[in-house]
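Report on one structure; see the data block that follows.
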Amino acid sequence: MTAKPAQFPLVTTIGERCRVCYTCVRECPAKAIRITGGQAEVMVERCIGCGNCVKVCSQEAKQVLSDIDRVYDLLASDHRVSACIAPSFPAEFYTMDCLEFVGRVRALGFDYVHEVAFGADLVAEQYRQLTESTETTQYIAGNCPAIIEYICRFHPGLVDTLAPVVSPMLATARALRNLLGDDLKIVFVGPCIAKKGEHDPLRPVDEIDAVITFIELNQIFHETGMDVKPVETSDFDEPHSHRGSLFPISRGMLQTAHINDDLIPGNVVAADGRNDFVEAIKEFETGDLRVKLLETLCCNGCIMGPGMSSRQPLFRRRSHVINYLKKRQSHWNRSQWETYQNRLSGLDLSRGYLSNDQCFPAPPQGEIDKILKGMGKTSTRDELNCGACGYHSCREHAVAIYQGIAESEMCLPYSIDQLKKILNELSVSHQELASVQEALMHSERLASMGQLAAGIAHEINNPLGIVLMYAHLLLDECDPKSGLNNDIKMIVEQTDRCKQIVTGLLNFARQNKVNRQSTDVLKLVEQSLRTVLIPATVTVRVIPKCADLLVELDANQITQVLTNLMVNACESMPDGGRLDIEIADEKDQICFSVTDTGIGIPPDIRTKIFEPFFTTKQMGKGTGLGLAVTYGIVKMHGGDIRFESNCDPDCGPTGTTFFLTLPRQPGTISQNGRHKPISGCSG
């Protein structure tokens, strides 16, 4: 069998389950979790297979590489297959007697069921010899594959200090093939995910054919019904172990090898757990920790491995393993054990290591300060180091951002500040929208009054004029001394009063005045956009093409004009499209164009769109005053408004463009032509 590739994903993320809580970032000692686009991703090149992310993910969003199908294939083949059980199994299958457990494994179809604890006995002897030698060489024990990968990737300078001794799993595989033949297929069953990637890089073939965790073994039991079927009890196949069953417990390897870890000589140090092993390796590399042997485990002993389903606490699991060992020791066959030890004394238990440097180069301090400033951290007082992002400090988080494996949004205080800013902007926009809506309603009321006044003037002014004319004629011809003179004067006065009432009504309809102020038209357009609910399917572009953006105009009224045009444009694009607002200038004029890619305006209504109360919307959906008010405001500014539109796809892209021209200074009149009816495919 050819060797597995050097890098393959032991753990992957199930995207739809990930809630981006950053727990996996916090618990990963290798910082092998990249957050991009709000999604957690395991970086294969940095992952050491420790499984911490699997253990802490409450959403079960981490998926472990499975060899279950491979095991089924091996059992269905003609090969002899051995199940090699890690010595931590009593902590997982504590509800079963050892003989029952072995019987169930054997009933799955395995030809042999062996203890990896025997391989641990072989490995312990190798470490005993290393520590008893007179050499001053310092070693790091290589029993934990996650530790090996961590050193090879993040402390490549320590690769040469890794003890050249195989792990108990590989030692068991070599011993069994020596005893039973090279054609034996071996399936390792244990608590470790990193074992799935463990191999000797200097050997051309894999020594283990499949690796499954205790969780996966339970799954196989369930799928085959072997978790409930009665089985014939059975013991492990020879060779049996001695004290190797202590290996999964912290310092268990030292006890098995009879290595003295007395603090006074200080020749041996054991460290385990996510934080302690990282610090121990750092101090070993700097020389602060000067020992002959550093024994490290990524977990708090293999009995706490991520491949276990047991939820029992540490010391209860520990007691299960110790009780199992005591029971086995009561009928331990010393002579048989020594026979196998002697028979395998010449077995090659050495292995090699290759560095795989994944360290990021140190970023420039200026870049880190720039990233921190971008998150609102301008001084050390702003660096709260709360750890919510998954990193120990704000600077460590900033370094990760520079390295491309983290995002600014992971910072909780920064995200809260951003949300506050957005809420404040929304509040301002809401107030501006309310103001514009009020102005629009006012304009619509005035427009209604204007139409009413126009109707009154048309219907009443002519009769009033006739009555007033004849009343004056009668007054001129009537004798001043006549009694009719006072009556005719009364008629004239009251007729004049009626005319003044109509005139006052017309003046009220025209009471809006232009309050001109120097205004930045680009900001005016951006402000108008914030007051319009733009659909997600509509893309907006603002295109400024003028050098001088300051214009004398009434900002509120022109905001109303632009808002009306933008709302109409969005409503003309029910299936989405593009909205372009262009700002240009011509001599002493400022020109706006509002272009949409909507359905266009039919030719038969183009002459009516500026008329009050004309609308194509359903009853109750519009008043038909928007464009009429817009037209009035533009005219009060001395400007002009016109449009071009196409509603026929055969004539080209459909859509409408409104052209709005306003004088830069009061008193100048727009020179553009007046709006004309549009016929054909374009205006």
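The values are calculated or read from the model by the stated rules, or taken from the named source; none is laboratory data. Keep in mind it's a predicted model, so treat the numbers as computed, not measured. No Cβ is skipped: glycine too gets one built from the backbone with ideal geometry, and neighbour counts run over all protein chains shown.
Looking only at segment 642-653, which residues are farther than 20 Å from Ala628 by Cβ and either surrounded by fewer than 20 Cβ atoms within 10 Å (Cβ to Cβ) or in contact (Cβ under 8 Å) with a residue 60 or more places away in the chain (or both)? Across segment 642-653, the qualifying residues are Cys647, Asp648, Pro649, Asp650, Cys651, Gly652, Pro653. No other residue among Glu149, Glu125, Glu135 is within 21 Å of Ser245 (Cα to Cα) and either surrounded by fewer than 24 Cβ atoms within 10 Å (Cβ to Cβ) or out of contact with any helix residue (DSSP H, G or I) (no Cβ under 6 Å at 6 or more places or on another chain) (or both) apart from Glu125. Look at (1) outside the structural domain of Ile186 (by TED's automatic domain parsing); (2) under 30 Å from Gly181 (Cβ atoms) and you find that Glu27 fails only one, number (2).
Out of the residues in segment 512-557 that are in contact with a Gly (Cβ under 9 Å, 6 or more places away or on another chain) and modelled with pLDDT under 90, which is surrounded by the fewest Cβ atoms within 10 Å (Cβ to Cβ)? Result: Val514. Number of residues in segment 21-39 that are of a type in the set (Val, Ile, Thr) and surrounded by fewer than 18 Cβ atoms within 10 Å (Cβ to Cβ) equals 1. On the stretch given as segment 264-280, residues that are in a helix (DSSP H, G or I) and either farther than 24 Å from Cys152 by Cα or touching a helix residue (DSSP H, G or I) at 6+ places or on another chain (Cβ under 7 Å) (or both) total 2. Look at segment 404-424: where a residue is in contact (Cβ under 8 Å) with a residue 24 or more places away in the chain and a partner is surrounded by fewer than 15 Cβ atoms within 10 Å (Cβ to Cβ) and of a type in the set (S, T, N, Q), sitting 6+ places away or on another chain with Cβ atoms under 9 Å, you get Gly404/Thr36; Ile405/Thr36; Ala406/Thr36; Glu407/Thr36.
Give just the number: which of (1) within 13 Å of Leu660 (Cβ to Cβ); (2) surrounded by fewer than 20 Cβ atoms within 10 Å (Cβ to Cβ); (3) of a type outside the set (A, V, I, L, M, F, W, C); (4) at pLDDT below 85 does Lys617 not satisfy? Of the numbered conditions (1) within 13 Å of Leu660 (Cβ to Cβ); (2) surrounded by fewer than 20 Cβ atoms within 10 Å (Cβ to Cβ); (3) of a type outside the set (A, V, I, L, M, F, W, C); (4) at pLDDT below 85, the odd one out for Lys617 is (1). Please state which one of Phe284, Phe247, Phe221 is closer than 29 Å to Trp332 by Cα and either hydrophobic (A, V, I, L, M, F, W, C) or at pLDDT below 95 (or both). Just a single option satisfies the conditions, and that option is Phe247. Candidates in segment 552-608 are the residues that are over 26 Å from Glu432 (Cα atoms) and of a type in the set (A, V, I, L, M, F, W, C); of these, the one that is nearest to the chain's Cα centre (by Cα) is Ile599.
The criterion of being under 16 Å from Ile148 (Cα atoms), in a helix (DSSP H, G or I) and free of Cβ contacts under 8 Å to residues at least 12 places away in the same chain does not hold for Glu283. Hey, can you tell me all the residues within segment 64-78 that are touching a Pro at 6+ places or on another chain (Cβ under 9 Å) and buried (at least 16 other Cβ atoms within 10 Å of the Cβ)? The answer is Val64, and nothing else. Tell me whether segment 313-336 contains one or more residues that are under 37 Å from the mean Cα position of the chain (by Cα), free of Cβ contacts under 8 Å to residues at least 40 places away in the same chain and in the same structural domain as Ala117 (by TED's automatic domain parsing). Yes, segment 313-336 contains a residue that is under 37 Å from the mean Cα position of the chain (by Cα), free of Cβ contacts under 8 Å to residues at least 40 places away in the same chain and in the same structural domain as Ala117 (by TED's automatic domain parsing). Does Asp261 satisfy the criteria of being in a loop (DSSP other than H, G, I, E, B), out of contact with any Lys or Arg (no Cβ under 6 Å at 6 or more places or on another chain) and in contact (Cβ under 8 Å) with a residue 40 or more places away in the chain? Spelling it out, it is not the case that Asp261 is in a loop (DSSP other than H, G, I, E, B), out of contact with any Lys or Arg (no Cβ under 6 Å at 6 or more places or on another chain) and in contact (Cβ under 8 Å) with a residue 40 or more places away in the chain. When the criteria are applied in full, Ile601 fails the requirement of being within 20 Å of Asp580 (Cβ to Cβ), modelled with pLDDT under 90 and buried (at least 17 other Cβ atoms within 10 Å of the Cβ).
Per the listing Ala194, Ala173, the residue uniquely within 41 Å of the chain's Cα centre (by Cα) and under 30 Å from Met96 (Cα atoms) is Ala194. Exactly one residue out of Val64, Val56 is under 27 Å from Thr296 (Cα atoms) and without any contact (Cβ under 8 Å) to a residue 40 or more places away in the chain, and it is Val56.
What are the residues in segment 312-369 that are assigned to a loop (DSSP other than H, G, I, E, B), of a type outside the set (S, T, N, Q) and under 25 Å from Leu99 (Cβ atoms), if any? Answer for segment 312-369, where residues must be assigned to a loop (DSSP other than H, G, I, E, B), of a type outside the set (S, T, N, Q) and under 25 Å from Leu99 (Cβ atoms): His331, Trp332. For segment 94-193, the helices (runs of 4 or more DSSP H) that sit wholly inside it and include 1 or more residues that are in the same structural domain as Lys326 (by TED's automatic domain parsing) and among the hydroxyl-bearing types (Ser, Thr, Tyr) are 116-132, 145-154, 168-180.
Residues in segment 69-80 that are closer than 20 Å to Leu184 by Cβ and either among the charged types (D, E, K, R) or not assigned by TED's automatic domain parsing to the domain that holds Ile220 (or both): 4 in all.
Residue by residue, here is whether (1) touching a Phe, Trp or Tyr at 6+ places or on another chain (Cβ under 9 Å); (2) at pLDDT below 80; (3) closer than 25 Å to Thr597 by Cβ holds:
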| site | (1), (2), (3) |
| --- | --- |
| Phe610 | yes, yes, yes |
| Thr623 | yes, yes, no |
| Gly626 | no, yes, yes |
| Phe658 | yes, no, yes |
| Gly673 | no, yes, no |
| Gly680 | no, yes, yes |
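Across segment 347-375, the qualifying residues are those that are surrounded by 14 or more Cβ atoms within 10 Å (Cβ to Cβ) and free of Cβ contacts under 8 Å to residues at least 60 places away in the same chain, and the one among them that is nearest to Ile148 (Cα to Cα) is Phe360. Just to be sure before I move on: is Cys50 surrounded by fewer than 19 Cβ atoms within 10 Å (Cβ to Cβ), outside any helix (DSSP H, G or I) and among the hydrophobic types (A, V, I, L, M, F, W, C) in the structure I sent? Considered against the rule, which asks whether it is surrounded by fewer than 19 Cβ atoms within 10 Å (Cβ to Cβ), outside any helix (DSSP H, G or I) and among the hydrophobic types (A, V, I, L, M, F, W, C), Cys50 comes out as no.
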